[in-house]
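Scroll down for the structure; my scribbles are underneath it.
Derivation of every value follows stated rules applied to the coordinates shown; laboratory data play no part. Bear in mind that the values here come from a model prediction, so they are computed numbers and not experimental data. Cβ atoms come from the backbone with ideal geometry, glycine included; neighbour counts cover every protein chain shown.
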Amino acid sequence: MSSLDELFISKNAIAIPDVIANVADVRAQIERGTWTRYPLVDRGSYAYQTPELPDVIATMVRAAEAIRRRPQEVVEARLLKLVPGDYLLAHHDRRHDGLELALDLSQAAIPGVEIHYRQLGEVYFAFGGPPGAMAIVERDKSVICNHTYVSKLHRGASIVRLMVRLRTLFKQP
């Protein structure tokens, strides 16, 4: 990859460590909620729930606004849980314009279990934690993502991610 490619990518996707410090507390709160299994295995195998985490989401949005220097509005938020054997395929991804935030709320990172962001079929950004870290990815209709397979060799492990989609607010003069 050339330095020009790296510069382009760094403006469109970034990982920030330690966005939240209390990952265990947030996980405990999440586990009190009800997980629903996604039913279409040709698109993905995972569990999801609607988050009841306004403070965590607000922290994520503030971090994105500090980097982008523009106010942002939450469009959608969803918790994803992947256990051994789970995945999300790229053709399951809904395309949109705006920022996507991915906060890792797992107990521990699992090497190779990542979110892949692709443009024209090529992975240009991969995010796989560690817990408490967040990715900020600028998306448009040409960007798709997938969550890689969690190997069954990782018994008892789970990957939990809070996915938040934002749109930029422009102040009127």
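A few comments on the model shown:
- Cβ-defined net charge surrounding ARG37, 11 Å radius [Lys, Arg +1; Asp, Glu -1]: 0
- Estimated vicinal HN-Hα couplings, Hz - the stretch 111-121 in sequence order (Karplus 6.51, -1.76, 1.60; Gly, Pro = x): x, x, 8, 9, 9, 9, 9, 10, 9, 6, x
- Candidates LEU79, LEU53, LEU153, ranked by Gaussian network fluctuation over the chain, Cα under 10 Å, top entry: LEU153
- Take the Cβ atoms of HIS91 and THR36, set R0 to 30 Å, and the FRET efficiency comes out at 0.90.
- Residue-wise HN-Hα coupling along the stretch 85-90, computed from phi with Karplus coefficients 6.51, -1.76, 1.60 (Hz; x: Gly, Pro): x, 8, 5, 10, 7, 4
- Evaluated at q = 0.09, 0.12, 0.17 Å⁻¹, a Debye calculation over the C-alpha positions of the chain (equal weights, vacuum) places log10 I(q)/I(0) at -0.29, -0.53, -1.09.
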